[in-house]
Amino acid sequence: MACHCVWSWHNKELHVDEYSRPEQAVVSILQRSSEYYKACMESKTVTMVHKDICWIGWKVPEEGWVKVNTDGASKG
């Protein structure tokens, strides 16, 4: 929460002409953290969802064939 607040304040200082950071930054962060925690507790709902497990893996192609990575992931 603290990192988000500092990042948000920094961006507002850069892009909003009349913006200034809160004078009591720590108090502001603690208040926002408390509000977030309360919101999470109030909206907590328990739902049971059945999920199927699907094992995904790479298989070596047959001899003479080439496989191409098409999912957008790569290394290098």
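Values quoted throughout were computed directly from the atomic coordinates according to the rules given, and no laboratory measurement underlies them. This one's a predicted model, so the numbers in the text were calculated from it and none came from an experiment. Using ideal geometry, Cβ is built from the backbone for each residue, glycine included, and neighbour counts are taken over all protein chains shown.
Values computed for the structure shown
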{"item": "Matching label, P(r) over Cα pairs in 5 Å bins from 0, in percent computed from the structure shown, candidates (1) 3, 10, 11, 10, 9, 7, 8, 10, 11, 9, 7, 4, 2, 1; (2) 3, 15, 26, 22, 16, 10, 6, 2; (3) 3, 13, 13, 11, 11, 10, 8, 7, 8, 7, 5, 2, 1, 0", "result": "(1)"}
{"item": "Loop-resident sites, region 1-38, for chymotrypsin sites (Phe, Trp or Tyr not before Pro), counting at most 15 other Cβ within 10 Å (DSSP)", "result": "19"}
{"item": "Net length gained if the chain between residue 44 and residue 21 were fully extended (0.36 nm per residue, minus Cα distance)", "result": "5.1 nm"}
{"item": "Cα-centred dipole magnitude for the chain, charges only on beta-carbon of K, R (+1) and D, E (-1), debye, nearest 20", "result": "260 debye"}
{"item": "Two-site label geometry, residue 58 and residue 12: point separation in nm, points 7 Å out along Cα→Cβ", "result": "4.6 nm"}
{"item": "Gain in span if fully extended, residue 68 to residue 3, counting 0.36 nm per residue against the direct Cα distance", "result": "19.4 nm"}
{"item": "Trypsin sites (Lys or Arg not before Pro) within region 1-46, DSSP loop, no more than 14 other Cβ atoms inside 10 Å", "result": "44"}
{"item": "Cα Rg, Dmax (largest Cα-Cα span) when computed across region 2-42, Å", "result": "11.9, 36"}
